[in-house]
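Okay, structure first, notes after.
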């Protein structure tokens, strides 16, 4: 099903609403964004926008630009409140390094399909620190930006006049990742599972 390409403006509005709520929560110290994830998301969104402009993706490319701008604002907001700081650990640094390496490979490779897979892989690795944080500390996250991410990327895919891997893979992977993070944050399944595991371990001793 293909919808009117102008629905991308609705997708952009949803991204802005979700981003505004997350930035506001960050400024208030309610959320603590992982700067590794959000910084890389910002970089990757801007780079993807440039590529889509060159490939004449159309209106959907402007949604991709939003995927870069919103994370940049989130990172900026995290420096405005000292309580909005998530301590960066070895896992975060490792994921950041792998993601950057993927971006370098993407920039150097001349095979379009391999380059695209490398880029999307870098984006997914960048998400791992926040996925882990959503598992261990969902109370430090806000689900609405990810709910809106699911919706706006799904709308973006539906506006594509011609369904291509170049146009759909990046937002499609974001839909999946944002959905998983939404579930982890809303259900708080991570702390519950870990609590049960600890209780079971104590009972067995």
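Table: residues versus (1) within 15 Å of the chain's Cα centre (by Cα); (2) touching a residue at least 12 places away in the same chain (Cβ under 8 Å); (3) assigned to a loop (DSSP other than H, G, I, E, B); (4) closer than 14 Å to residue 37 by Cβ.
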site	(1), (2), (3), (4)
104	no, no, no, no
116	no, yes, no, no
119	yes, yes, no, no
125	yes, yes, no, yes
175	yes, yes, no, no
178	yes, yes, no, yes
190	no, yes, no, no
(request) Could you pull out the residue among 73, 46, 36, 17 that is at pLDDT below 90 and not in a loop (DSSP other than H, G, I, E, B)? (result) 46
(request) Could you identify the single residue in 135, 144 that is over 28 Å from residue 105 (Cα atoms) and either under 14 Å from the mean Cα position of the chain (by Cα) or at pLDDT below 90 (or both)? (result) 144
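Residue by residue through segment 136-158, note down the ones that are part of a loop (DSSP other than H, G, I, E, B) and in contact with a helix residue (DSSP H, G or I) (Cβ under 6 Å, 6 or more places away or on another chain). Break it down stepwise before answering.
Going residue by residue through segment 136-158, those that are part of a loop (DSSP other than H, G, I, E, B) are 137, 141-143.
Selection gives 141, 142, 143.
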(request) Go through segment 1-19 and give me each residue that's loosely packed, with under 15 Cβ neighbours inside 10 Å and within 16 Å of residue 68 (Cβ to Cβ). (result) none
(request) Those residues that are part of a loop (DSSP other than H, G, I, E, B) and buried (at least 20 other Cβ atoms within 10 Å of the Cβ), I need them from segment 83-102; list them, please. (result) 84, 86
(message) Being more than 29 Å from residue 115 (Cα to Cα) and touching a residue at least 40 places away in the same chain (Cβ under 8 Å) is the requirement here; does residue 2 meet it?
(response) no
(request) Residues being within 20 Å of residue 80 (Cβ to Cβ), touching a helix residue (DSSP H, G or I) at 6+ places or on another chain (Cβ under 6 Å) and surrounded by fewer than 17 Cβ atoms within 10 Å (Cβ to Cβ): count how many of those fall in segment 20-59. (result) 1
(request) Report whether or not residue 192 is surrounded by fewer than 18 Cβ atoms within 10 Å (Cβ to Cβ) and out of contact with any helix residue (DSSP H, G or I) (no Cβ under 8 Å at 6 or more places or on another chain). (result) yes
(message) If I go through segment 126-149 residue by residue, how many of them are surrounded by fewer than 21 Cβ atoms within 10 Å (Cβ to Cβ) and under 22 Å from residue 52 (Cβ atoms)?
(response) 0
(message) Exactly one condition in (1) assigned to a helix (DSSP H, G or I); (2) within 19 Å of residue 23 (Cβ to Cβ) is false for residue 64; which is it?
(response) (2)
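The values are calculated or read from the model by the stated rules, or taken from the named source; none is laboratory data. It should be emphasised that the depicted structure is a prediction, and the values quoted were computed from it without experimental measurement. All Cβ positions, glycine included, derive from the backbone under ideal geometry; neighbour counts span all protein chains shown.
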